[in-house]
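Please read the structure below before turning to the comments.
The values are calculated or read from the model by the stated rules, or taken from the named source; none is laboratory data. Every value quoted in this text rests on a predicted model; they were computed, and no experiment measured them. Here Cβ is always computed from backbone atoms with ideal geometry, including for glycine, and neighbour counts include all displayed protein chains. Areas reflect the complete protein model, heavy atoms only, side chains present, ligands, DNA and RNA absent. Shrake-Rupley method; radii C 1.70, N 1.55, O 1.52, S 1.80 Å.
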Amino acid sequence: MAQNPQTQALSDAGVSIWLDDLSRGRLSSGNLQELVDRKNIVGVTTNPSIFQAAISGAEDYDADIAALAKDGKDVESVIEKLTTDDVRSAADLFSGVYTSSKGFDGRVSIEVDPRLAHETEKTIEQAKRLFEIVGRENVMIKIPATLEGLPAITAVIAEGISVNVTLIFSGDRYQQVIDAYLAGLEKAAEAGKDLSTIHSVASFFVSRVDTEIDARLERIGGDAAALKGKAGVANAQAAFGIYLAAFGSERFAALEAKGANVQRALWASTGVKNPEYSDTMYVDQLVASPVVNTMPEKTLDAAADHSAPAPALDAAAAQAGQAVLDQVAAAGVDLADVFAVLESEGVEKFEQAWGQLLETVSASIDAARA
């Protein structure tokens, strides 16, 4: 099948397009395979909100829930089985992409329980457990970039497990994430592991930054309003500058000589929240090689219809992005507070979604046993 020319252009520019969604219906209907064949999808990301929507909103899981309930499984075990089964099936679907890209793409991500976001040891334990249960080399375990998550990232990478670091909002935290990845690679090398098999992406959130900063600029008023809709892209551009510096460093060069891979920046939260903005702004303005852009289907459809990629990001673009952030700060926006709020809210939203999923599945278990 011929690929869409718009998404093909993004792929040719070095952007790996991953779908920010997964459900059993997508798998069984052939929809996910069609997106691979027609819209250059080469990976999938999931999160607690995605699983909550998938399992709560469909009948595809009812038979499995009923069977597991009759086997005496508790709600936590049922959810673990449903989610890891879907991720394993998706990983199998992408096995060809994984092989042909030498592990670069063909990745499917599954997140540790969001309630563990501030518990290092339990995060490490569950990351290893999820990796074992899914049982596929192309799975990526998602770990949040909280302060407690940073040592967990290092430990899990050191075990040779590929990691998708999620909920990154600030350049400072992004630098810490890169450091955690490099430290993990160094430990893995000391343990004699094959560094070429270890991959990682750093999920840098975009649209949520604009949502929070736009609201603050609106309250400030005056000339500050002219900066609305600029901070999300600028923040990501500045982050790419951090990427260029870190993976052009002597520290990484020493690891690269042993087979290590770069930790690619992944643009997350790329669905545009403000209808006044272009629905492909977080795609077109964040082209770079190599990056991942994980898109909800609405954004993917928009990109396939009318994406118009800007020139690829480089060091100059990163400096321009930082200049915009400086203007936002000069206008009176406390960026450190913005990023702290966004991280806290990000963890909280995933915890809420997970709580809703627990309630839904628990009710289904009770009904099956009635």
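Filtering segment 40-73 to residues that are among the acidic types (D, E) and in contact (Cβ under 8 Å) with a residue 12 or more places away in the chain leaves D60, D62, D64.
Among the residues of this structure, A329 counts as one that is of a type outside the set (S, T, Y), surrounded by fewer than 22 Cβ atoms within 10 Å (Cβ to Cβ) and more than 23 Å from the chain's Cα centre (by Cα). Residue check: is I50 in a helix (DSSP H, G or I) and closer than 13 Å to V361 by Cβ? No: the conditions fail for I50.
For the condition without any contact (Cβ under 8 Å) to a residue 24 or more places away in the chain, open to solvent by 20 Å² or more (accessible area, probe 1.4 Å) and on the phi > 0 side of the Ramachandran plot, G248 does not qualify. Does F204 satisfy being out of contact with any Asp or Glu (no Cβ under 9 Å at 6 or more places or on another chain) and of a type outside the set (V, I, T)? The answer is yes for F204.
Only a single criterion out of (1) more than 17 Å from the chain's Cα centre (by Cα); (2) β-branched (V, I, T); (3) open to solvent by 10 Å² or more (accessible area, probe 1.4 Å) is not satisfied by I50, namely (1). Looking across segment 289-340, just one residue is in contact with a Phe, Trp or Tyr (Cβ under 6 Å, 6 or more places away or on another chain) and in a loop (DSSP other than H, G, I, E, B), and that is L313.
Set side by side, the residues A58, A63 differ, and just one is open to solvent by 10 Å² or more (accessible area, probe 1.4 Å), part of a helix (DSSP H, G or I) and at pLDDT below 95, which is A63. Every test in (1) in contact with a helix residue (DSSP H, G or I) (Cβ under 9 Å, 6 or more places away or on another chain); (2) closer than 21 Å to I178 by Cα; (3) part of a loop (DSSP other than H, G, I, E, B) is passed by A239 save one, and that test is (3).
Each row is one residue, and each column tells you yes or no for (1) on the phi > 0 side of the Ramachandran plot; (2) buried (at least 23 other Cβ atoms within 10 Å of the Cβ).
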| residue | (1), (2) |
| --- | --- |
| Q237 | no, yes |
| G259 | yes, no |
| V262 | no, no |
| L266 | no, yes |
| G271 | no, no |
| V287 | no, no |
| P290 | no, no |
| N293 | no, yes |
| E297 | no, no |
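Helices (runs of 4 or more DSSP H) fully within segment 1-41 that include at least 2 residues being closer than 23 Å to S289 by Cα, of a type outside the set (D, E, K, R) and open to solvent by less than 40 Å² (accessible area, probe 1.4 Å): 5-12, 31-38.
Of the numbered criteria (1) more than 24 Å from T46 (Cβ to Cβ); (2) in a loop (DSSP other than H, G, I, E, B); (3) open to solvent by 10 Å² or more (accessible area, probe 1.4 Å), the one D279 fails is (1). Per the conditions (1) closer than 14 Å to W354 by Cβ; (2) buried (at least 17 other Cβ atoms within 10 Å of the Cβ), the sole criterion not satisfied by T84 is (1). Give me a count of the residues in segment 91-123 that are surrounded by 15 or more Cβ atoms within 10 Å (Cβ to Cβ) and without any contact (Cβ under 8 Å) to a residue 60 or more places away in the chain. Adding up the residues that qualify gives 10.
Quick check, is L357 in contact with a helix residue (DSSP H, G or I) (Cβ under 6 Å, 6 or more places away or on another chain), of a type in the set (A, V, I, L, M, F, W, C), over 30 Å from A188 (Cβ atoms) and crowded, with 21+ Cβ neighbours inside 10 Å? Yes. Scanning segment 66-81 for residues that are assigned to a helix (DSSP H, G or I) and either open to solvent by less than 50 Å² (accessible area, probe 1.4 Å) or of a type outside the set (D, E, K, R) (or both) yields A66, A67, L68, A69, V75, S77, V78, I79, E80. Out of R136, R173, R115, one residue alone is within 18 Å of A239 (Cβ to Cβ) and among the basic types (K, R). It is R173.
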